[in-house]
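Here the structure is laid out as structure tokens; the discussion comes afterwards.
The values are calculated or read from the model by the stated rules, or taken from the named source; none is laboratory data. Keep in mind that this is a model prediction, so the values were computed, not measured. Every residue, glycine as well, gets a Cβ built from its backbone with ideal geometry; the counts of neighbours run over all protein chains shown.
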Amino acid sequence: MKYIGLVLFSVCVLFSSVQAEDPVWRYQMNPEEYDTMTLESYEVILAATLAREKELKEQIAQEQAQIESLRQQLTDIDAQIAAVIQEKYDILGITEQDVIDAENEIASIRQELELLLGLTPEELLKRKADIDRNEARINALKEKPVSYLWRIRDQIIELEDLLARVKANLPDKLAEYTVRLIPERRDCLYRIAEYDEIYGDPTQWPQIYRANKSLIDGSYDRYLKNVEEPKYSRPQDLIFPGQVLDIPR
Amino acid sequence: MSKVFAISRYVLVGSFVAMCFMTGCTKRPSEEQLTQLEEARAAVESAEKKLAELREERMNLESQLSQKQAILQEHEAERDDLREKMAARESGGTE
């Protein structure tokens, strides 16, 4: 009995000493992992971790080498692109400044045409000179060697489309008419309305009279004051060469 | 009967002693060793993150290179086209 007691006492002493040697928990590992980790499993895990670290370092080195190679290739291809661009300029006998000037000219023409595109047909008719001027600018651009460049050529095509749209907005009829001196066939409101570029219909002459009543009536009043026996009894029967008549649409 | 008690006593003692040795010999990693493991794990995590960043950078560079190769091909095609046009223009002028 005393032997059993002695053995039990020894066991208790041993267990208590083992418990005292456990380190304090301060690692960010899974507590369960810590609790179950033996020295043997620790050595296995450490070996695997170190092997993984070594493998990753090798892969990092490979990636860095590839990145360096790619950067060099990018530098080389930039140089090739610059060289080919210069070749194109040499073929055409132009410089980079010529290209810049052409693009600035294109931008300026585009801006003006877009402005014209926003006008009413009547307003556009009054700006016919601007339309013609920009058309001339486009034609001048097309004559230059720089227009052979694909980039410039495509932009010129866009400008021509824009110009066509602007011209399509022009009225096919006049917005103003200047009375002419035609001895054989005197201009009158009836004949003016008959002209194709006005109404093509002589019965529309009252529209012209109403739109220019103050002008026509004023002229008629002065006529009456200066003539003793007036030949014309109504203002709309008398218009004078040089008078500019508004043609309403 | 006394023999039975004696045998069972020895068996009991022997078991307790054996238990004592078994539990007392299970070794755990020391504090320094756990620190080493933790540092190794942190190094792996850092390396994995760096590797992912490098892979992304490589993919971006490959994409840029591909785009520039296409740009270069277009410039070369235009250059060849201009050469033909200028040659045709000159031959048309000399004729």
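If you check residue B:31 against the conditions, is it within 7 Å of chain A (Cβ to nearest Cβ) and either within 25 Å of residue A:63 (Cβ to Cβ) or at pLDDT below 90 (or both)?
yes
So that you can scan it fast, the table gives a plain yes or no per residue for (1) out of contact with any helix residue (DSSP H, G or I) (no Cβ under 9 Å at 6 or more places or on another chain); (2) closer than 30 Å to residue B:85 by Cβ; (3) not aliphatic (A, V, I, L, M):
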residue	(1), (2), (3)
A:91	no, yes, no
A:96	no, yes, yes
A:100	yes, yes, no
A:103	no, yes, yes
A:113	no, yes, no
A:124	no, no, no
A:155	no, yes, yes
A:161	yes, yes, yes
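For residue A:56, state whether it is at the interface with chain B (Cβ under 9 Å from one of its Cβ atoms), buried (at least 16 other Cβ atoms within 10 Å of the Cβ) and within 30 Å of residue B:37 (Cβ to Cβ). Steps first, answer last, please.
Working: at the interface with chain B (Cβ under 9 Å from one of its Cβ atoms): yes; buried (at least 16 other Cβ atoms within 10 Å of the Cβ): yes; within 30 Å of residue B:37 (Cβ to Cβ): yes.
So residue A:56 passes the test.
The rows are residues; the columns are (1) among the polar types (S, T, N, Q); (2) under 15 Å from residue A:62 (Cβ atoms).
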| site | (1), (2) |
| --- | --- |
| B:45 | no, no |
| B:55 | no, yes |
| B:61 | no, yes |
| B:65 | no, no |
| B:69 | yes, no |
| B:73 | yes, no |
| B:78 | no, no |
Legend entry - The listed residue being in contact with a Lys or Arg (Cβ under 9 Å, 6 or more places away or on another chain) and without any contact (Cβ under 8 Å) to a residue 60 or more places away in the chain, out of B:62, B:76, B:48, B:90: B:48
Legend entry - When residues of segment A:75-100 are limited to those that are acidic (Asp, Glu) and without any contact (Cβ under 8 Å) to a residue 24 or more places away in the chain, the one surrounded by the fewest Cβ atoms within 10 Å (Cβ to Cβ): A:96
Legend entry - residue A:90 of a type in the set (D, E, K, R) and within 14 Å of chain B (Cβ to nearest Cβ): yes
Legend entry - Within segment A:42-158, helices (runs of 4 or more DSSP H) holding 2 or more residues that are at pLDDT 95 or above and within 27 Å of the chain's Cα centre (by Cα): A:96-117, A:128-143
Legend entry - Of all residues in segment B:35-58 being more than 7 Å from chain A (Cβ to nearest Cβ) and among the hydrophobic types (A, V, I, L, M, F, W, C), the one that is surrounded by the most Cβ atoms within 10 Å (Cβ to Cβ): B:42
Legend entry - Per-region count, segment A:101-137, residues in contact with an Asp or Glu (Cβ under 7 Å, 6 or more places away or on another chain) and of a type in the set (A, V, I, L, M, F, W, C): 1
